[in-house]
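See below for the structure under consideration.
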Amino acid sequence: MKNGFTLIELIIVLLILAIVTHLSVREMSKVKDSRLRETANTQMQSIKDAVWKNNSPQKPSGFLADLGRLPYAREVTYEKLGTSLTIEELWVKPFNVKPFAFRYAVESNLVVRAEDKSDLIDKTIRIGCGWRGAYLNIRSRNLKLYDPWGNPMENKDLAGYDRLFNSNGEAAKDGEQVFSIRHLGSDGRLDSDVPPASESERDLSIDLIPRASLKNTLSLNVSFHNASGDKPISGDIRCRWYAPCGSSITGGVAKATLSDETFKTFEFENLPPCECLLAIDIGGVNKKREFITIPFGGTSHETKVFIK
């Protein structure tokens with residue numbers, strides 16, 4: 001009767017254990033890489049949502065909706081972490097931007113063309129604008145934004161790669177709006193430099209907004225009605241739009257003199273994607289106030305004005 005394992009049997013058992021351990025570690029590593037990849041994808045979507053999220057049918061939210069622009073790439077010096085070009089505006093209030101508030105359309109709050117200012121001053125109109133972050137959850141203002149593999153999301157990162165890009169697809173410079181951002185996978189290297197050996201090493205770029213201009217065109221189709229239906233209108237009509245511009249208000253105006261018309265189209269240009277307030281006056285009398293959402297690429301909007 002045998003009282004134990006022979007040396008060969010022990011070696012075989014240890015070899016089997018080593019193989020099982022190796023396979024287990026490899027599979028666990030694959031699972032970990034897959035989870036980090038999912039975390040990275042979620043992080044990228046969170047950054048995009050922090051900039052603009054259209055809560056349809058509700059109004060849009062995020063940095064762009066509140067300030068009328070994308071976050072700037074800013075040169076920031078962190079305590080003990082050095083100087084970086086980052087999108088810190090998403091979690092730290094810019095020094096030159098006021099907190100979010102509803103502000104009146106008075107001269108001191110308007111950022112518009114000089115020829116439009118007198119038409120847009122209106123103490124009865126208030127627009128919500130300003131910074132109401134943090135739009136991303138960063139635990140401390142002294143911490144940078146890192147990807148799940150511990151690499152900073154900035155220009156330049158630790159390996160010298162760019163993560164933030166302007167509207168031309170080039171590395172964003174200080175003071176430029178950031179249109180897109182990328183992570184470099186688990187290897188922290190560009191796929192063009194080091195071909196990815198697995199899905200977790202593959203780069204991912206995401207546009208913070210669709211590839212369209214931040215300046216849009218609004219075609220506003222106005223029809224005039226009374227209680228019994230359409231009604232021709234004669235006289236002066238003025239249409240205005242208002243939108244956030246940093247912690248101030250921007251806007252534009254279009255005027256027309258109508259002669260027995262029931263329908264008129266106004267064209268507005270250079271509107272930011274936002275929740276926009278439209279104001280329509282006839283003969284200097286307020287006839288319509290309406291909020292609409294301006295999407296990327298512009299929109300056509302129809303509205304009715306009721307005439308007594």
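A compact table of results
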read-out: Qualifying residue in the range 78-88 (condition: of a type in the set (K, R), within 22 Å of S61 (Cβ to Cβ) and surrounded by fewer than 19 Cβ atoms within 10 Å (Cβ to Cβ)); value: no
read-out: Options T124, T86; residue that is within 29 Å of N166 (Cβ to Cβ) and β-branched (V, I, T); value: T86
read-out: All strands (runs of 3 or more DSSP E) inside the range 38-138 with 1 or more residues being among the β-branched types (V, I, T); value: 74-78, 82-86, 122-129
read-out: Filter pass, K144 being more than 17 Å from the chain's Cα centre (by Cα) and under 26 Å from V92 (Cα atoms); value: yes
read-out: Answer from R189, R182 - the residue that is in the same structural domain as L85 (by TED's automatic domain parsing), of a type in the set (D, E, K, R), under 22 Å from D49 (Cα atoms) and buried (at least 16 other Cβ atoms within 10 Å of the Cβ); value: R182
read-out: Strands (runs of 3 or more DSSP E) enclosed by the range 235-308 - at least 3 residues per element that are among the hydroxyl-bearing types (S, T, Y) and at pLDDT 90 or above; value: 248-261
read-out: Residue that is nearest to S84 (Cα to Cα) [pool: residues in the range 157-209 that are of a type in the set (V, I, T) and assigned to a loop (DSSP other than H, G, I, E, B)]; value: V178
read-out: Top-ranked residue in the range 216-267 [being within 20 Å of D119 (Cβ to Cβ) and basic (K, R); ranked as surrounded by the fewest Cβ atoms within 10 Å (Cβ to Cβ)]; value: K255
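The values are calculated or read from the model by the stated rules, or taken from the named source; none is laboratory data. As the structure is a computational prediction, the values presented were derived from the model and not from experiment. All Cβ positions, glycine included, derive from the backbone under ideal geometry; neighbour counts span all protein chains shown.
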